[in-house]
Amino acid sequence: MTPMTRFTMPETLPEGDEKVEAVRTMFDSIAPRYDMVNRIMTFRMDVRWRRRTVASLALPEGATVIDLACGTGDLCRELSASGLTPIGVDLSFGMLAAARTEAPLVHGDALRLPLPDGSVDGVTCGFALRNFESLPPFFVELARVLRPGGRIALLEVAEPPNPVLRWGHGVYFGRVVPLVGGLLSDPAAYRYLPRSVAYLPEPPALLDQLRQARFTDVDRTLLSVGIAQLITARRGPEPA
C-alpha cells in the first residue's frame with residue numbers, strides 16, 4: 001500500500017506557485033478520510049448545502065456542468081441525481097483516486113481548464129475559492145468556458161453576521177476543527193484550512209470581481225445562519 005502523503009503547514013500563507021503546490025499536497029494528504037471528516041465537522045449540513053447549490057443552477061436536464069475542485073465527487077453525484085451531466089476537475093491526484101462518482105474526471109488546474117470556449121452550461125465549485133492561486137483570473141476562466149447565459153454556483157465557508165454566532169463559529173472553526181481533523185486525518189492540513197479563509201476577499205469585492213469578469217445577476221446567499229455562503233451568477237453576453 002502506498003503511504004499517505006503528509007502535509008507540512010507553511011509558517012505563513014503561501015502565494016503563487018508555492019500555494020498551488022501546498023494545496024495539492026494538502027488535499028492528497030486528506031483524501032482518504034475527506035468525506036468522513038466533512039460529514040462529522042458539518043453535522044451533515046454540507047449535504048444540504050450541495051443540494052441547494054445544484055438546485056440554484058436552474059439548468060435543463062442533460063446540461064453539461066463542470067464541477068471544479070471536485071474532490072471525491074460529492075457535487076458530481078448530486079448533479080447526476082438532478083439529471084445534469086457533470087465533469088469533475090481537480091488538481092489533486094489523491095482526491096481523484098478517492099472519488100466515488102461515475103462522472104468523467106479530469107486532472108487539471110481550474111485557472112487553465114482544458115476546455116474550448118463556451119463549451120459548458122454550468123459550473124459548480126464547493127469550498128475551494130480560497131484554495132485557488134488567484135480569484136480574478138479564475139473568474140475570467142469560468143466566463144471563457146461557459147456559454148453566454150450559462151450559470152455558476154460557488155459554495156464556500158463564511159462568517160455569520162451576528163457577533164455572538166460569529167464568535168462561536170470562530171472558536172469552532174479555529175479550534176475544534178483542527179483538533180478533531182487532526183485526530184481523524186492529517187493534523188497540519190486541518191490547522192491550515194481555517195487559516196486559509198484569510199485568502200477570501202470581502203464579499204463586496206468578491207462579487208465585484210465576478211461582475212468585472214462579465215457575469216450578471218450576481219448574488220450571494222448565506223446558509224445555516226451564515227456559516228456558509230452560496231454565490232450564483234449568469235455568464236453575460238459577448239461584447240457587441
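The values are calculated or read from the model by the stated rules, or taken from the named source; none is laboratory data. These figures come from a predicted structure and were not determined experimentally. A quick note on method: Cβ atoms are made from the backbone with ideal geometry, for glycine too, and the neighbour counts reach across all protein chains shown. Surface areas here come from the heavy atoms of the whole protein model, side chains and all, with no ligands, DNA or RNA. Shrake-Rupley method; radii C 1.70, N 1.55, O 1.52, S 1.80 Å.
Before moving on, here are some points about what is shown:
- Among the residues of the range 83-93, those identified as open to solvent by 20 Å² or more (accessible area, probe 1.4 Å) and more than 14 Å from the chain's Cα centre (by Cα) are 83, 85, 87, 93.
- Being modelled with pLDDT of 95 or more and either of a type outside the set (D, E, K, R) or in contact with a Phe, Trp or Tyr (Cβ under 6 Å, 6 or more places away or on another chain) (or both) holds for only one residue in 181, 170, 149, 174, and it is 149.
- Of all residues in the range 75-82, one or more are polar (S, T, N, Q), in contact with a helix residue (DSSP H, G or I) (Cβ under 9 Å, 6 or more places away or on another chain), modelled with pLDDT of 95 or more and open to solvent by 30 Å² or more (accessible area, probe 1.4 Å).
- Single condition residue 121 does not satisfy, out of (1) among the charged types (D, E, K, R); (2) crowded, with 20+ Cβ neighbours inside 10 Å; (3) assigned to a helix (DSSP H, G or I): (3)
- Among the residues of the range 132-148, those that are farther than 19 Å from residue 70 by Cβ, in contact (Cβ under 8 Å) with a residue 60 or more places away in the chain and open to solvent by 20 Å² or more (accessible area, probe 1.4 Å) comprise 136, 140, 147, 148.
- Qualifying residue in the range 57-69 (condition: assigned to a helix (DSSP H, G or I) and either among the basic types (Lys, Arg) or at pLDDT below 95 (or both)): no
- Taking (1) outside any strand (DSSP E or B); (2) farther than 27 Å from residue 25 by Cα; (3) out of contact with any Ser or Thr (no Cβ under 9 Å at 6 or more places or on another chain); (4) not polar (S, T, N, Q) in turn, residue 222 satisfies each apart from (1).
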